[in-house]
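The numbers here are math on the coordinates, done by the rules we state, and not lab data. Being a predicted model, the structure only gives us computed values, none of them experimental. In this analysis, Cβ positions are derived from the backbone assuming ideal geometry, glycine residues included, and neighbour counts consider all displayed protein chains.
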């Protein structure tokens, strides 16, 4: 019996090549894989062992996306998102501008939430930003940033593009602009963008580029207001109302942060395919040498440093809101992120990202509007404190009297359908009486209304 154990025990306890993957501390054991795409782990070992035998580390950014009712796994260099063609942005939460593209890099400046920044350059995960007040240039992760409604952004070419002397398909070629270069157009025409690249000024084919218009849910036109967008066609944006909006006239966008545009070849997805991003996965992988397994891969760090705060049942994100039918929408101006939307209830926003339900209006739809003097309107109610409280501003008996005086007929029904801001604290309201749409003009705070017959 003694001789049996003397033969077996050394094998059980001292064979490192066979049992290295099992010699772990249960509380710190990490799974390792043959490669990044392995479905199942090859074993477990302690983080200390993996760190000690680390050969290198690599970042992996993956977007799980849906297209044509199927889900695909897209690498970061296969897809472009709105934030990558944005120019002026805000950071979602308080944080710090870093000196390098590393989460452990020294901080150059701490910044509060909603600080306006300019993006100078981007890659798959990081943005080089400039803080304009102190002219500080550093780095922030892209997922820490959100685009602004007043930002027209850049145009980015998805293929190598000729810069030509004339806006002609056979114009003389000045040079070639490499793919994924961001440019601000000097002029937008039907088929070409006039741009400056390095020291050259010339023309590029607009069909080779994507812009913020390709991600737009809403677009702001100075005469037609906020319009719900369908898609971009070269130099125009088509709206759901059937309007054709020239890009050069648009002053702002509300974009879909969960939309991506395919910019590199994929076995199934065509170039320019618009996909819906279901989930972002960002990990730093370590590659270590483990006895008996050779080089193995293990998840060293989750690069998504912050976890979004769960929203209450009475709060929606912009992306959730855009999946609904919008009845009416209004922002303070094209530069502001504060506004109202009516969509199965009325919601207000302070940051353009999250929308809080106003319970006093239930789940009904009402026209909304924001006057330049700061008055917010929801149906027949107004607010002087940005939607925190409302009071009636219409006396329907006076509206009925004004309509009867103008048309010599007492309206049987009256429904407010639209509110428009006018100069000098005046507004124009549209009232549907069932037989006609009547416009009435009045001064905010006054009970008297004038019917506009033309």
Segment 155-210: relative contact order from alpha carbon pairs under 8 Å, six or more residues apart, as a whole percent, is 39
Which whole-number percent is the relative contact order of the chain (Cα, under 8 Å, 6+ apart)? 11
Sort 200, 430 so that the residue with the fewest other Cβ atoms within 10 Å of its own Cβ comes first and the one with the most comes last. 200, 430
Between segment 124-145 and segment 200-221, what is the separation of their alpha carbon centroids in Å? 23
Report the percentage of all Cα-Cα pairs in the chain whose separation exceeds 28 Å, rounded to a whole percent. 63
Footprinting proxy, 248, 382, 301: sorted fewest to most Cβ within 10 Å, the residues are 248, 301, 382
Out of every Cα-Cα pair in segment 396-452, what percent are more than 14 Å apart? 48
So what's the back-of-envelope 222 nm ellipticity for the chain, counting only DSSP H runs of four-plus at -39500 (n - 2.57) apiece and dividing by all residues, rounded to 500? -2500 deg cm²/dmol
For segment 155-210, restrict the atom set to alpha-carbon positions and state the Rg and Dmax in Å. 9.6, 24
Given Cα pairs under 8 Å that are at least 6 residues apart, what percent is the relative contact order of segment 87-147? 37
Per residue, how much space in cubic angstrom lies within the convex hull of the C-alpha atoms of segment 87-220? 125
Under 37 °C and 0.692 mPa s, how fast does segment 322-416 diffuse according to Stokes-Einstein, given a Kirkwood radius computed over C-alpha pairs? Answer in µm²/s, whole number. 228
Segment 249-307: Rg to Rh, with Rh as the Kirkwood radius over Cα pairs: 1.19
Checked segment 77-150 against the a/c 1.5 cut and the a/b vs b/c comparison, axes a ≥ b ≥ c from its Cα gyration tensor; verdict oblate
The alpha-carbon pair-distance distribution computed for segment 156-267, with 5 angstrom bins and whole-percent values, is 2, 12, 21, 21, 17, 14, 9, 3, 0
Which of 201, 61 has the fewest Cβ neighbours within 10 Å, and the rest in rising order: 201, 61
For segment 244-373, convex hull volume per residue from C-alpha positions, Å³: 208
Separation of alpha-carbon centers, segment 371-385 and segment 229-298, rounded to whole Å: 37
